[in-house]
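Colleague: Before anything else, here's the structure in question.
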Amino acid sequence: MPTTRASAALVLASLISPALLACGDDITPADLGTSPQDQVKLADAPRLAYLAEALAGGADLTVEDLFFEDRVDFAAAPDPTPLFELQAAEHAALAPLSGALTLRVLSYNLGLLDRWYPFTHVGVPEIDHRRLRAPEELLSADWDVLCLQEVFELEDVDRLRAAADTYGYAVFAGTDDKHVQHGLVILVRDQLLAAPQGTLEVQYEAQREIEYFPGPWVRRGFLRWSFRHAPTGRVLHVYNTHMTSFPELWRQRIAQARHLGLDAADRPADDLVLVAGDFNAAPYYPDDIFGDVDGEPVVDWWRNATMYPLFLHYGGLVDTHSLLTPATDVLRMAQLRLPFDGAAYRAEPLAGRCAEIAHDAFTGSDCNSLYFRQYAGTEYPARLDYILMRDPSAHARVLTSEIVYTEPLDFGAAGAFELSDHYGYAVTLALQ
Amino acid sequence: MIRALALLLLTAEPTQASPDAPAQPAAQPAPFGPAHPPPLACAPAPAPPTKRKTGRGLLIAGSVLTGVGALGRVGLEVFWTTTAGLKPGEPFGRWSLANIAFLTNWNSVMFFGPGLGLLTAGAHRRGRDDAARGRPLDLTRRHKLGVGLLSGGLGLFVLSRALLLPLSRACDTNACFYGAMESTFWVSAGATFVGATQLAYTRGARRGANINLVPSLGRGFAGLAAAGAF
């Protein structure tokens, strides 16, 4: 809840024109260039080389250059296939584990958003029905760790806490004041928790400030819950985040990825790091122009694709959805109707191709009825939700990775629709 | 206070000889004496009537601004219940306090504040004009009413705004918070506006009552004299 400082800010802010507040988001990291990871030449890094191939002058660019708009000029769509294949190959080369226990992890943007700001409203449809159903639906499904996003209101956290008491979970949602800004919740099965434990709540330096005020009071950030996994004794660090949305805000996202990635890379090498969340950008986009908003084409999708490799780079992370087999983003994007045709994409979800496109990549898609009602034809379908892993000591293996909660549920008189406007992403790990 | 006497003369224009009339021999000045009082100096031409400051324009302008402010506030309430989708029984979202403060204060500063200023200025002038024209004023009753309403209105407004943050913590529902905020706003605003204009009116009237028009007669003239504090 607003503190004394925030209360004073309320009075002051109420008399200042929003135009003043909205000018000049400060999104270049203040410490950019100070990390060795900033200095890496794209062409020299196996995970980043494909970016260099797609960028004008890419042979000479460093990671630091990607934070400056005038230096990021894509001549072609950056294709992450080499990175997908590299990750799968590295995972396949790992020796099998013995005596490993399973750990089922879910990342899910619940879409419990219903807020107003001057003269407009932002929300996900059917929230009144979904918010009552979600706790039971999720906590009865035998997940070990749940990382949930867009649980903005404290009443929804309270419902999760009540269900957590029933099903034997502990909950970390940050402080009340900041929680209503970031909407993040981590739940861990009680019996898995052992000391030492520690939690952290961080708000990113890079923000879209108007999203805070006079917007719907949203400030992006991450939670971290560190604990000893009681059955194995392994120390786990579970991160949950929800990055800035909208394609034109790609610079905020890569700054946020750098912030969290560097924190994750600081964890001890013998520990397992899981970074879950809605990162609001996919690894791949075939065309730079896709979608339209009020008749204006949406552009800059290729720049959005830099978030994925940069996040992996800064955090020393791997993508759990590209370890058993290479991720299918490029394959599924190739099935889209391109170039973009607004009329076709508004007439039917994905211009009628939902039945052909398997649910193994996209987590934000017009094939989801709630997503279609909000965003039809304004954005690519995309893999927005991830669980990344940092495991330098190779204590974990991916057993399964899948897109979940894809089917509509029966809400009785309210009809049938999905539990959220996103699909969930889940991974089952073998942990030693 | 300096009291001054202003003389307003309403006299007939002095007669003029017809240009076609035969020239009259120059009149010899009459000897002075009781039968022939010395002529007075010619009365100055009457001043053109000045426009009365009735405060009408200020009252109209103030009413318009206040009306726009009131419409804006009502529009905000309609927005909350429709587009924003706020339901009375749902929990109040304290995250929205900044936007509530921004929207309500902006409306008050842009419209209600200037509207109040113009209305009180207009009421002051109207009171002064009414007093100058000798209308019945009932100033004592108006003064008491003004003091009571203004102090009550301002007091309620300040107190209710000071308690808004604690109220937001205490209120479980939208109905509780928005109901309290809006009801205290309308009651305090109404009392403040009525009280301020009544007080301004009485003050203007008391100033206007100190300027009196009195008949003044004398040889060769009849008119009105205005006497008062200026």
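The values are calculated or read from the model by the stated rules, or taken from the named source; none is laboratory data. Computed from a prediction, not measured in an experiment: that's the story for all the values here. Here Cβ is always computed from backbone atoms with ideal geometry, including for glycine, and neighbour counts include all displayed protein chains. Accessible surface areas use protein heavy atoms only, side chains included; no ligands, DNA or RNA. Shrake-Rupley method; radii C 1.70, N 1.55, O 1.52, S 1.80 Å.
Colleague: Does B:N99 meet the test of being open to solvent by less than 40 Å² (accessible area, probe 1.4 Å), under 30 Å from B:R203 (Cβ atoms) and within 14 Å of chain A (Cβ to nearest Cβ)?
Modeller: On the way: open to solvent by less than 40 Å² (accessible area, probe 1.4 Å): yes; under 30 Å from B:R203 (Cβ atoms): no; within 14 Å of chain A (Cβ to nearest Cβ): yes.
It is false that B:N99 is open to solvent by less than 40 Å² (accessible area, probe 1.4 Å), under 30 Å from B:R203 (Cβ atoms) and within 14 Å of chain A (Cβ to nearest Cβ).
Colleague: Just to check your reading of the model, which residue among A:A134, A:A162 is closer than 29 Å to A:L429 by Cα, open to solvent by 30 Å² or more (accessible area, probe 1.4 Å) and modelled with pLDDT of 95 or more? Outline the logic, then answer.
Modeller: On the way: A:A134 fails: open to solvent by 30 Å² or more (accessible area, probe 1.4 Å).
That would be A:A162, the only listed residue that is closer than 29 Å to A:L429 by Cα, open to solvent by 30 Å² or more (accessible area, probe 1.4 Å) and modelled with pLDDT of 95 or more.
Colleague: Sticking with this one: Does A:V157 satisfy the condition of being under 17 Å from A:W217 (Cβ atoms), in a strand (DSSP E or B) and aliphatic (A, V, I, L, M)?
Modeller: Values: under 17 Å from A:W217 (Cβ atoms): yes; in a strand (DSSP E or B): no; aliphatic (A, V, I, L, M): yes.
So A:V157 does not fit the description; no.
Colleague: Any idea which of (1) over 23 Å from B:G69 (Cα atoms); (2) crowded, with 18+ Cβ neighbours inside 10 Å; (3) within 14 Å of chain A (Cβ to nearest Cβ) is the one B:D172 doesn't satisfy?
Modeller: Of everything listed in (1) over 23 Å from B:G69 (Cα atoms); (2) crowded, with 18+ Cβ neighbours inside 10 Å; (3) within 14 Å of chain A (Cβ to nearest Cβ), B:D172 misses just condition (2).
Colleague: If I filter the stretch A:117-129 for residues that are of a type outside the set (S, T, Y), more than 11 Å from chain B (Cβ to nearest Cβ) and in a helix (DSSP H, G or I), do I get at least one hit? If you could, list the steps in order and put the result at the bottom.
Modeller: Our first condition is that a residue be of a type outside the set (S, T, Y); within the stretch A:117-129, this holds for A:118-119, A:121-129.
Narrowing the set further to residues that are more than 11 Å from chain B (Cβ to nearest Cβ) leaves A:124-126, A:129.
Retained after the next criterion (residues that are in a helix (DSSP H, G or I)): A:129.
Scanning the stretch A:117-129, I find at least one residue that is of a type outside the set (S, T, Y), more than 11 Å from chain B (Cβ to nearest Cβ) and in a helix (DSSP H, G or I), so the answer is yes.
Colleague: Among what's in the stretch B:78-95 and is at the interface with another protein chain (Cβ under 7 Å from one of its Cβ atoms) and either without any contact (Cβ under 8 Å) to a residue 12 or more places away in the chain or not in a helix (DSSP H, G or I) (or both), pick the residue that is surrounded by the fewest Cβ atoms within 10 Å (Cβ to Cβ). Before you say what the answer is, go through the steps one by one.
Modeller: Initially, the stretch B:78-95 is screened for residues at the interface with another protein chain (Cβ under 7 Å from one of its Cβ atoms), giving B:79, B:83-85, B:91, B:93-95.
Restricting the remaining residues to those that are either without any contact (Cβ under 8 Å) to a residue 12 or more places away in the chain or not in a helix (DSSP H, G or I) (or both) gives B:79, B:83-85, B:91, B:93, B:95.
Details: B:F79: 17, B:T83: 12, B:A84: 22, B:G85: 15, B:P91: 17, B:G93: 22, B:W95: 21.
The extreme case among them is B:T83.
Colleague: Kindly provide the set of residues from the stretch A:359-378 that are surrounded by fewer than 24 Cβ atoms within 10 Å (Cβ to Cβ) and within 13 Å of A:N280 (Cβ to Cβ), ordered by number.
Modeller: A:G364, A:Y375 - these are the residues of the stretch A:359-378 that are surrounded by fewer than 24 Cβ atoms within 10 Å (Cβ to Cβ) and within 13 Å of A:N280 (Cβ to Cβ).
Colleague: Report whether or not A:L113 is within 14 Å of another protein chain (Cβ to nearest Cβ), free of Cβ contacts under 8 Å to residues at least 60 places away in the same chain and open to solvent by 20 Å² or more (accessible area, probe 1.4 Å).
Modeller: Working: within 14 Å of another protein chain (Cβ to nearest Cβ): yes; free of Cβ contacts under 8 Å to residues at least 60 places away in the same chain: no; open to solvent by 20 Å² or more (accessible area, probe 1.4 Å): yes.
Answer is no for this residue.
Colleague: May I ask you to list the residues in the stretch B:114-132 that are touching a Lys or Arg at 6+ places or on another chain (Cβ under 8 Å) and not aliphatic (A, V, I, L, M)?
Modeller: B:G122, B:H124, B:R125, B:R126, B:G127, B:R128, B:D129
Colleague: Which residue pairs have Cβ atoms closer than 9 Å, lie 6 or more positions apart in sequence or on different chains, and pair a first residue in the stretch A:75-96 that is closer than 20 Å to A:L310 by Cα with a second residue that is surrounded by fewer than 14 Cβ atoms within 10 Å (Cβ to Cβ) and not β-branched (V, I, T)?
Modeller: A:A75/A:A56; A:P82/A:P46; A:L83/A:P46; A:L86/A:P46
Colleague: Follow-up question, since we're still on this one. If B:V109 satisfies every condition in (1) within 14 Å of chain A (Cβ to nearest Cβ); (2) open to solvent by less than 50 Å² (accessible area, probe 1.4 Å); (3) closer than 21 Å to B:G62 by Cβ but one, which is the exception?
Modeller: Going through (1) within 14 Å of chain A (Cβ to nearest Cβ); (2) open to solvent by less than 50 Å² (accessible area, probe 1.4 Å); (3) closer than 21 Å to B:G62 by Cβ one by one, B:V109 breaks only (2).
Colleague: Please give the helices (runs of 4 or more DSSP H) falling wholly within the stretch A:315-432 in which 3 or more residues are among the aromatic types (F, W, Y). Steps first, answer last, please.
Modeller: On the way: elements: A:329-333, A:342-347, A:369-375.
Those helices (runs of 4 or more DSSP H) span A:369-375.
Colleague: Please go through (1) away from chain B (no Cβ under 14 Å); (2) under 29 Å from A:M389 (Cβ atoms); (3) not in a loop (DSSP other than H, G, I, E, B) for A:Q181 and return the number of the only condition it doesn't satisfy.
Modeller: (1)
Colleague: Return yes when A:R220 is surrounded by 21 or more Cβ atoms within 10 Å (Cβ to Cβ), more than 14 Å from chain B (Cβ to nearest Cβ) and either under 14 Å from A:Q256 (Cα atoms) or without any contact (Cβ under 8 Å) to a residue 12 or more places away in the chain (or both) and no when it is not. Break it down into steps so the answer makes sense when it comes.
Modeller: On the way: surrounded by 21 or more Cβ atoms within 10 Å (Cβ to Cβ): yes; more than 14 Å from chain B (Cβ to nearest Cβ): yes; either under 14 Å from A:Q256 (Cα atoms) or without any contact (Cβ under 8 Å) to a residue 12 or more places away in the chain (or both): yes.
Considered against the rule, which asks whether it is surrounded by 21 or more Cβ atoms within 10 Å (Cβ to Cβ), more than 14 Å from chain B (Cβ to nearest Cβ) and either under 14 Å from A:Q256 (Cα atoms) or without any contact (Cβ under 8 Å) to a residue 12 or more places away in the chain (or both), A:R220 comes out as yes.
Colleague: Follow-up question, since we're still on this one. Need the failing condition index for A:V180 against (1) open to solvent by 20 Å² or more (accessible area, probe 1.4 Å); (2) in contact (Cβ under 8 Å) with a residue 12 or more places away in the chain; (3) closer than 23 Å to B:G85 by Cβ, just the number.
Modeller: (1)
Colleague: Restrict the check to the stretch A:68-84 and report whether at least one residue is assigned to a helix (DSSP H, G or I), within 14 Å of chain B (Cβ to nearest Cβ) and open to solvent by less than 30 Å² (accessible area, probe 1.4 Å). Before you say what the answer is, go through the steps one by one.
Modeller: Let us first name the residues in the stretch A:68-84 that are assigned to a helix (DSSP H, G or I), namely A:69-71, A:81-84.
Next cut, within 14 Å of chain B (Cβ to nearest Cβ) only: none.
Among the residues of the stretch A:68-84, not one is assigned to a helix (DSSP H, G or I), within 14 Å of chain B (Cβ to nearest Cβ) and open to solvent by less than 30 Å² (accessible area, probe 1.4 Å), which makes the answer no.
Colleague: Six or more apart or on different chains, Cβ atoms under 7 Å: show the pairs whose first residue is in the stretch A:142-160 and away from every other protein chain (no Cβ under 14 Å) and farther than 26 Å from B:T173 by Cα and whose second is open to solvent by 40 Å² or more (accessible area, probe 1.4 Å) and assigned to a strand (DSSP E or B).
Modeller: A:D142/A:R104; A:W143/A:R104; A:D144/A:R104
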